[in-house]
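*Asks:* Submitted below is the structure of interest, expressed as C-alpha coordinates.
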Amino acid sequence: MTSLTRVLVIEDDPIIGEMLTLYLSEEQFNVQRVDTAKDGMHALDHFDPDIILLDLMLPDSSGSELCDEFRQQTSTPIIVTSMKSAVGDRIKAISAGADDYLCKPFSLQELKARMNAVLRRTSGSAVEQPLSADKRSDGTQASKSGISLDVERRTIVVDDRHIDTTFSEYEIMKLFVQHPARVFSREELINAVRGIDSFINDRAIDVHITNLRRKIEKNPKEPRFIKTVWGVGYKYVN
(Lines give C-alpha, C1' and ligand atoms only; values in the text may rest on other atoms or scores of the structure.)
Protein backbone atom coordinates (compact mmCIF):
# COMPACT_ATOMS: atom_id res chain seq x y z
CA MET A 1 0.00 0.00 0.00
CA THR A 2 1.39 3.38 -0.99
CA SER A 3 2.05 5.70 1.97
CA LEU A 4 0.35 9.08 2.01
CA THR A 5 2.29 12.20 1.12
CA ARG A 6 3.26 13.99 4.34
CA VAL A 7 2.39 17.71 4.46
CA LEU A 8 3.63 19.98 7.24
CA VAL A 9 1.35 23.00 7.60
CA ILE A 10 2.87 25.88 9.60
CA GLU A 11 -0.02 28.31 10.08
CA ASP A 12 -0.95 30.26 13.20
CA ASP A 13 -4.43 31.32 12.05
CA PRO A 14 -6.71 28.63 13.55
CA ILE A 15 -9.41 28.99 10.89
CA ILE A 16 -7.04 28.79 7.93
CA GLY A 17 -5.01 26.06 9.60
CA GLU A 18 -8.09 23.93 10.24
CA MET A 19 -9.38 24.53 6.72
CA LEU A 20 -6.08 23.40 5.18
CA THR A 21 -5.87 20.36 7.45
CA LEU A 22 -9.41 19.21 6.66
CA TYR A 23 -9.13 19.79 2.92
CA LEU A 24 -5.73 18.13 2.49
CA SER A 25 -6.75 15.19 4.69
CA GLU A 26 -9.83 14.66 2.52
CA GLU A 27 -7.54 14.77 -0.52
CA GLN A 28 -5.55 11.85 0.90
CA PHE A 29 -2.55 13.72 2.33
CA ASN A 30 -1.05 12.93 5.74
CA VAL A 31 -1.18 16.35 7.42
CA GLN A 32 0.48 17.68 10.54
CA ARG A 33 -0.25 21.27 11.50
CA VAL A 34 1.72 23.47 13.89
CA ASP A 35 1.36 27.19 14.63
CA THR A 36 4.86 28.33 15.60
CA ALA A 37 8.32 28.31 14.06
CA LYS A 38 9.67 26.35 17.04
CA ASP A 39 7.13 23.58 16.55
CA GLY A 40 7.81 23.66 12.81
CA MET A 41 11.51 22.97 13.35
CA HIS A 42 10.61 20.10 15.70
CA ALA A 43 8.17 18.64 13.17
CA LEU A 44 10.80 18.82 10.42
CA ASP A 45 12.82 16.19 12.29
CA HIS A 46 10.04 14.06 13.75
CA PHE A 47 7.37 14.21 11.03
CA ASP A 48 9.82 14.24 8.08
CA PRO A 49 7.46 16.01 5.63
CA ASP A 50 7.47 15.58 1.87
CA ILE A 51 6.35 19.19 1.41
CA ILE A 52 5.93 22.22 3.67
CA LEU A 53 3.21 24.91 3.59
CA LEU A 54 4.65 27.91 5.44
CA ASP A 55 2.75 31.00 6.57
CA LEU A 56 4.87 34.14 6.20
CA MET A 57 3.68 35.70 9.48
CA LEU A 58 4.30 33.60 12.60
CA PRO A 59 4.19 34.66 16.28
CA ASP A 60 7.79 33.68 17.05
CA SER A 61 9.56 34.19 13.71
CA SER A 62 9.09 35.55 10.21
CA GLY A 63 8.35 32.95 7.56
CA SER A 64 11.35 34.09 5.53
CA GLU A 65 13.71 33.55 8.46
CA LEU A 66 12.24 30.10 9.12
CA CYS A 67 12.45 29.25 5.42
CA ASP A 68 16.15 30.11 5.47
CA GLU A 69 16.66 27.90 8.55
CA PHE A 70 14.84 25.03 6.85
CA ARG A 71 17.05 25.39 3.79
CA GLN A 72 20.15 24.86 5.92
CA GLN A 73 18.78 21.45 6.92
CA THR A 74 16.63 20.12 4.07
CA SER A 75 15.76 20.39 0.38
CA THR A 76 12.10 19.57 1.05
CA PRO A 77 9.90 21.76 -1.18
CA ILE A 78 8.39 24.79 0.56
CA ILE A 79 5.31 26.72 -0.54
CA VAL A 80 4.92 30.05 1.25
CA THR A 81 1.42 31.40 1.89
CA SER A 82 0.89 35.04 2.82
CA MET A 83 -1.47 38.01 2.80
CA LYS A 84 1.43 40.03 1.39
CA SER A 85 1.18 40.37 -2.39
CA ALA A 86 4.01 42.82 -3.11
CA VAL A 87 6.66 41.59 -5.55
CA GLY A 88 9.38 42.44 -3.03
CA ASP A 89 7.87 40.11 -0.44
CA ARG A 90 7.68 37.29 -2.98
CA ILE A 91 11.27 37.79 -4.06
CA LYS A 92 12.41 37.84 -0.42
CA ALA A 93 10.67 34.54 0.26
CA ILE A 94 12.04 32.87 -2.88
CA SER A 95 15.51 34.21 -2.12
CA ALA A 96 15.24 32.59 1.31
CA GLY A 97 14.60 29.24 -0.37
CA ALA A 98 10.85 29.03 -0.99
CA ASP A 99 9.81 27.01 -4.03
CA ASP A 100 6.48 28.73 -4.59
CA TYR A 101 4.39 31.59 -3.20
CA LEU A 102 0.62 31.82 -2.86
CA CYS A 103 -1.22 34.99 -1.85
CA LYS A 104 -4.12 34.68 0.56
CA PRO A 105 -6.96 34.16 -0.07
CA PHE A 106 -6.20 31.39 -2.54
CA SER A 107 -8.10 28.54 -4.13
CA LEU A 108 -7.60 25.22 -2.38
CA GLN A 109 -7.72 23.53 -5.78
CA GLU A 110 -4.88 25.77 -6.98
CA LEU A 111 -2.89 24.97 -3.84
CA LYS A 112 -3.30 21.25 -4.47
CA ALA A 113 -2.30 21.67 -8.14
CA ARG A 114 0.88 23.54 -7.19
CA MET A 115 1.74 21.01 -4.51
CA ASN A 116 1.34 18.16 -6.96
CA ALA A 117 3.43 19.96 -9.58
CA VAL A 118 6.30 20.37 -7.12
CA LEU A 119 5.98 16.80 -5.88
CA ARG A 120 5.94 15.39 -9.41
CA ARG A 121 9.23 17.09 -10.20
CA THR A 122 10.73 15.92 -6.91
CA SER A 123 9.68 12.30 -7.27
CA GLY A 124 10.68 12.18 -10.93
CA SER A 125 14.16 13.58 -10.47
CA ALA A 126 15.72 10.37 -9.17
CA VAL A 127 15.07 8.47 -12.39
CA GLU A 128 16.06 11.18 -14.85
CA GLN A 129 19.52 10.61 -16.25
CA PRO A 130 21.73 13.53 -17.31
CA LEU A 131 22.52 13.19 -20.99
CA SER A 132 26.19 14.05 -20.76
CA ALA A 133 27.16 12.35 -17.52
CA ASP A 134 28.16 8.85 -16.45
CA LYS A 135 26.51 7.24 -13.46
CA ARG A 136 28.96 6.11 -10.82
CA SER A 137 28.58 3.20 -8.43
CA ASP A 138 27.71 5.54 -5.54
CA GLY A 139 24.62 6.86 -7.33
CA THR A 140 26.04 10.22 -8.39
CA GLN A 141 26.20 11.60 -11.91
CA ALA A 142 29.84 12.27 -12.80
CA SER A 143 31.07 15.10 -15.01
CA LYS A 144 34.44 16.26 -16.27
CA SER A 145 34.44 19.34 -14.07
CA GLY A 146 34.41 17.51 -10.73
CA ILE A 147 30.80 18.59 -10.25
CA SER A 148 28.12 15.90 -10.19
CA LEU A 149 24.54 15.31 -9.05
CA ASP A 150 23.44 12.82 -6.42
CA VAL A 151 19.97 12.14 -7.77
CA GLU A 152 18.87 10.12 -4.74
CA ARG A 153 19.82 12.76 -2.17
CA ARG A 154 19.04 15.66 -4.55
CA THR A 155 22.37 17.31 -3.79
CA ILE A 156 25.25 18.70 -5.84
CA VAL A 157 28.59 16.96 -5.31
CA VAL A 158 31.64 19.20 -5.70
CA ASP A 159 34.98 17.40 -5.42
CA ASP A 160 33.26 14.62 -3.44
CA ARG A 161 31.57 17.10 -1.07
CA HIS A 162 27.76 17.06 -0.92
CA ILE A 163 26.30 20.56 -1.25
CA ASP A 164 22.69 21.03 -0.16
CA THR A 165 20.45 23.06 -2.46
CA THR A 166 16.92 24.33 -2.58
CA PHE A 167 14.43 22.51 -4.78
CA SER A 168 14.71 25.20 -7.46
CA GLU A 169 18.51 25.36 -7.36
CA TYR A 170 18.74 21.61 -7.84
CA GLU A 171 16.31 21.66 -10.78
CA ILE A 172 18.31 24.40 -12.51
CA MET A 173 21.60 22.60 -11.93
CA LYS A 174 20.12 19.32 -13.17
CA LEU A 175 19.09 21.05 -16.39
CA PHE A 176 22.58 22.50 -16.81
CA VAL A 177 24.29 19.15 -16.26
CA GLN A 178 21.94 17.43 -18.69
CA HIS A 179 22.68 20.00 -21.40
CA PRO A 180 26.23 21.38 -21.02
CA ALA A 181 27.11 24.38 -23.19
CA ARG A 182 23.47 24.95 -24.13
CA VAL A 183 22.31 28.52 -23.56
CA PHE A 184 19.09 28.72 -21.54
CA SER A 185 16.96 31.84 -21.53
CA ARG A 186 15.49 32.97 -18.22
CA GLU A 187 12.04 32.02 -19.52
CA GLU A 188 13.22 28.45 -20.19
CA LEU A 189 14.64 28.21 -16.68
CA ILE A 190 11.43 29.61 -15.21
CA ASN A 191 9.35 26.99 -17.01
CA ALA A 192 11.74 24.19 -16.02
CA VAL A 193 11.62 25.12 -12.34
CA ARG A 194 8.02 26.15 -11.90
CA GLY A 195 5.83 25.35 -14.82
CA ILE A 196 4.06 28.06 -16.76
CA ASP A 197 1.31 28.68 -14.17
CA SER A 198 3.44 29.11 -11.05
CA PHE A 199 4.92 32.34 -9.77
CA ILE A 200 8.53 33.11 -10.47
CA ASN A 201 10.22 35.87 -12.44
CA ASP A 202 13.53 36.82 -14.02
CA ARG A 203 14.84 38.31 -10.79
CA ALA A 204 14.19 35.07 -8.88
CA ILE A 205 16.15 33.12 -11.51
CA ASP A 206 19.07 35.52 -11.12
CA VAL A 207 18.97 34.98 -7.34
CA HIS A 208 19.07 31.18 -7.80
CA ILE A 209 22.03 31.48 -10.18
CA THR A 210 23.87 33.70 -7.70
CA ASN A 211 23.27 31.15 -4.93
CA LEU A 212 24.44 28.27 -7.12
CA ARG A 213 27.64 30.12 -7.99
CA ARG A 214 28.35 30.67 -4.30
CA LYS A 215 27.98 26.96 -3.71
CA ILE A 216 29.99 25.52 -6.62
CA GLU A 217 32.40 28.22 -7.81
CA LYS A 218 35.77 28.94 -6.19
CA ASN A 219 35.36 32.57 -7.21
CA PRO A 220 31.64 33.37 -7.69
CA LYS A 221 32.47 36.81 -9.11
CA GLU A 222 34.46 35.17 -11.91
CA PRO A 223 32.47 31.98 -12.49
CA ARG A 224 34.11 29.13 -14.32
CA PHE A 225 31.10 26.83 -14.69
CA ILE A 226 27.88 28.89 -14.82
CA LYS A 227 28.38 31.57 -17.45
CA THR A 228 26.18 34.58 -18.18
CA VAL A 229 25.25 35.00 -21.83
CA TRP A 230 24.42 38.67 -21.95
CA GLY A 231 21.01 39.50 -23.33
CA VAL A 232 19.97 35.83 -23.38
CA GLY A 233 20.46 33.91 -20.14
CA TYR A 234 22.94 31.35 -18.78
CA LYS A 235 24.91 28.27 -19.78
CA TYR A 236 26.90 25.60 -17.96
CA VAL A 237 30.47 24.77 -19.00
CA ASN A 238 31.84 21.50 -17.63
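*Asks:* Return the total of residues in the range 214-223 being open to solvent by 30 Å² or more (accessible area, probe 1.4 Å) and either in a helix (DSSP H, G or I) or at positive phi (or both). Write out each step before concluding.
*Replies:* Taking the range 214-223 and keeping what is open to solvent by 30 Å² or more (accessible area, probe 1.4 Å), we get 214-215, 218-222.
This time we only want the ones that are either in a helix (DSSP H, G or I) or at positive phi (or both), so: 214-215.
Here the count works out to 2.
*Asks:* List the pairs whose first member sits in the range 44-64 and is over 24 Å from residue 83 (Cβ atoms), whose second member is open to solvent by 10 Å² or more (accessible area, probe 1.4 Å) and among the basic types (Lys, Arg), and whose Cβ atoms are under 7 Å apart, counting only residues at least 6 apart or on separate chains?
*Replies:* Partner pairs satisfying both residue conditions: 47/6; 48/6; 50/6.
*Asks:* Which ones in the range 76-106 are charged (D, E, K, R) and open to solvent by 50 Å² or more (accessible area, probe 1.4 Å)?
*Replies:* Going through the range 76-106, the residues charged (D, E, K, R) turn out to be 84, 89-90, 92, 99-100, 104.
Selection gives 84, 92.
*Asks:* Let me ask you something else. Name, by its number, the condition in (1) touching a residue at least 40 places away in the same chain (Cβ under 8 Å); (2) more than 26 Å from residue 78 (Cβ to Cβ) that does not hold for residue 166.
*Replies:* Looking at each condition in turn, residue 166 falls short on (2).
*Asks:* Counting just the residues of the range 133-143 that are surrounded by 17 or more Cβ atoms within 10 Å (Cβ to Cβ) and in a loop (DSSP other than H, G, I, E, B), which one comes out modelled with the lowest pLDDT?
*Replies:* For the range 133-143, the residue satisfying everything is 133.
*Asks:* Quick one: which helices (runs of 4 or more DSSP H) sit completely within the range 8-75 and have at least 1 residues that are open to solvent by less than 20 Å² (accessible area, probe 1.4 Å) and under 19 Å from residue 103 (Cα atoms)? Break it down stepwise before answering.
*Replies:* On the way: elements: 14-26, 37-46, 63-71.
Per the criteria, 14-26, 63-71.
*Asks:* Residue under question is residue 17, and the condition is that it be within 22 Å of residue 112 (Cα to Cα), under 16 Å from the mean Cα position of the chain (by Cα) and small (Gly, Ala, Ser); does it hold? Break it down into steps so the answer makes sense when it comes.
*Replies:* Details: within 22 Å of residue 112 (Cα to Cα): yes; under 16 Å from the mean Cα position of the chain (by Cα): no; small (Gly, Ala, Ser): yes.
Spelling it out, it is not the case that residue 17 is within 22 Å of residue 112 (Cα to Cα), under 16 Å from the mean Cα position of the chain (by Cα) and small (Gly, Ala, Ser).
*Asks:* What residue, among those in the range 144-193 that are of a type in the set (S, T, N, Q) and closer than 25 Å to residue 101 by Cβ, is most open to solvent (accessible area, probe 1.4 Å)?
*Replies:* Filtering the range 144-193 for residues of a type in the set (S, T, N, Q) gives 145, 148, 155, 165-166, 168, 178, 185, 191.
With the extra rule that they be closer than 25 Å to residue 101 by Cβ, the set shrinks to 155, 165-166, 168, 185, 191.
On the way: 155: 8, 165: 3, 166: 10, 168: 0, 185: 33, 191: 64 Å².
Restricting to residues being of a type in the set (S, T, N, Q) and closer than 25 Å to residue 101 by Cβ, the top hit is 191.
The values are calculated or read from the model by the stated rules, or taken from the named source; none is laboratory data. On a predicted model such as this, the values are computed, not experimentally measured, just so you know. Because the Cβ atoms are built from the backbone with ideal geometry, glycine has one as well, and the counts that use them run over all protein chains shown. When the accessible area is computed, the model is the full protein with side chains, heavy atoms only, and any ligands, DNA or RNA have been set aside. Shrake-Rupley method; radii C 1.70, N 1.55, O 1.52, S 1.80 Å.
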